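Step one of this worksheet: look at the structure below.
The values are calculated or read from the model by the stated rules, or taken from the named source; none is laboratory data. These numbers were taken from a predicted model, which means no experiment stands behind them. Backbone-built Cβ (ideal geometry, glycine too); neighbour counts: all protein chains shown. Each accessible area value is taken on the protein alone, full model and side chains, heavy atoms only, with ligands, DNA and RNA left out. Shrake-Rupley method; radii C 1.70, N 1.55, O 1.52, S 1.80 Å.
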Amino acid sequence: MFSSVCNFIKRHKKKFIFTGAVVGGVYLLGKYAQKKIKEVQEKEASEYIAQARRQFHFESNQRTCNMTVLSMLPPLREAIVTQLNSESLTAMLKTKPANKLEIWEDLKIISFTRTVVAVYSTCMLVVLLRVQLNIIGGYLYLDNSVGKSAASPLTPPDVQQQYLSSIQHLLGDGLTELISRVKTAVQSSLGGVSLKQSLSLLELEQQLIWIRAEVDSGRPLSSYMLADDEDVLADQACGLTENDLVTIRLLNETRDMLDSPDLSKVLSACLNRGFSRLLDNLAEFFRLPVSDSAPDSLSAVSLPLAKIIPIINGQINSVCSETPSHFVQDLLLNDQVKEFAAIVYETFSTPQELQKGGNKSVRKTPVPPPSDASAASSRTFLSSLLQDTEAAGSSASWEVESFSCCGVHS
């Protein structure tokens with residue numbers, strides 16, 4: 001029997017070898033396929049965790065942006081009111097001075113100027129903070145995700161404070177220059193309009209359109225948001241510290257964003273929405289009684305310019321309100337603002353962009369620290385918000401990772 005088995009094996013030797021090779025190959029192929037499937041699953045899980053972590057950090061950063069905008073509106077309003085003080089003119093009118101008509105003319109120009117400036121500067125504040133905080137937010141995400149040493153972060157706290165202090169230009173020199181530009185446009189549009197002349201809401205809207213057209217035809221609006229001192233004290237650049245150079249790089253990256261066509265479109269969309277909301281607020285004072293309402297009621301009601309002036313003058317309290325008013329909410333929830341913020345964050349939270357950013361030329365411009373208490377206070381508040389965002393993003397990443405891993409292994 002043993003010999004018959006041996007003879008059978010000899011006769012079918014090739015078949016046994018072939019079958020063994022096939023079975024062995026299938027086994028090895030199965031093991032290889034399992035390994036590849038496991039690698040793909042692990043890669044997908046890793047990508048999902050990274051995407052979820054980045055999404056959470058981005059959303060947390062946007063909440064920080066909203067909080068920061070609301071916190072900066074009171075100092076912005078105060079800066080506008082200080083330079084365009086209509087209250088002093090109103091007090092003078094109560095004394096019945098001899099030059100009453102002249103004071104009224106000044107009040108007309110100042111009231112319209114400060115409301116228009118309030119709309120422009122609030123829109124600029126929203127856009128500028130979205131850019132700045134998403135640039136820093138992107139770098140903070142990289143610090144937490146690519147294994148950077150805590151001793152050498154991409155944006156140290158001192159750099160963040162120095163960089164964020166640049167917002168003071170919009171509340172200082174930039175605002176002064178913007179006021180001058182808007183005041184010239186208001187004078188050109190309304191200077192010859194009599195105080196007794198009646199204007200409908202549509203006519204008032206046309207006046208605002210003319211003012212906007214003249215303001216927008218001047219220098220780029222981005223120049224009011226961030227100082228551009230490229231050639232100032234350039235010979236002292238050799239004395240700058242490493243943190244100064246990092247700050248200058250951040251400012252240059254911010255300027256690139258502010259000068260982009262995409263930002264111009266976003267700012268224009270914000271201004272369109274802002275002036276539309278302003279007209280909605282003014283419409284409340286031009287309403288006909290319910291029984292007299294008509295389709296063309298916007299042009300049916302007219303008010304003397306002297307009565308419109310106090311209405312316009314008080315709009316700054318609605319535009320620059322620290323409480324979430326409809327005006328501010330419209331800007332913060334604007335879809336184009338959100339999309340642009342996502343683009344900025346994506347640009348600066350991608351490791352590949354980090355290498356590119358490191359090769360960018362640096363403008364040799366010293367960055368002076370803010371000199372007044374309000375600048376230091378705003379800087380400290382902005383930095384504390386960013387630290388809260390960084391901490392929230394770091395802790396949340398562990399929660400997301402744990403949850404996702406449980407899902408993968410279950």
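How long is the gain from L101 to L245 if the chain were fully straight, where each residue apart is worth 0.36 nm and the alpha carbon distance is subtracted?
Full extension of this stretch gives 46.4 nm more.
Quote the FRET efficiency, to the nearest 0.05, computed for T350 versus N272 with a Förster distance R0 of 22 Å and r equal to the Cβ-Cβ distance.
Efficiency at R0 = 22 Å is approximately 0.10.
Per residue, how many Å² of accessible area does the range 156-223 show with a 1.4 Å probe?
Accessible area per residue: 43 Å².
Subtracting the Cα-Cα distance from 0.36 nm times the residue separation, let me have the gained length for Q83 to L29 in nm, one decimal.
Gain on extension, Q83 to L29, equals 11.6 nm.
Which pairs, out of K100/K196; K94/K183; K43/K338; K96/K183; K183/K265, put more than 19 Å between their alpha-carbon atoms?
K94/K183; K43/K338; K96/K183; K183/K265
Which FRET efficiency value, to the nearest 0.05, do you get for A45 and Q329 by plugging their Cβ-Cβ distance into 1/(1 + (r/R0)^6) with R0 = 51 Å?
About 0.85, to the nearest 0.05.
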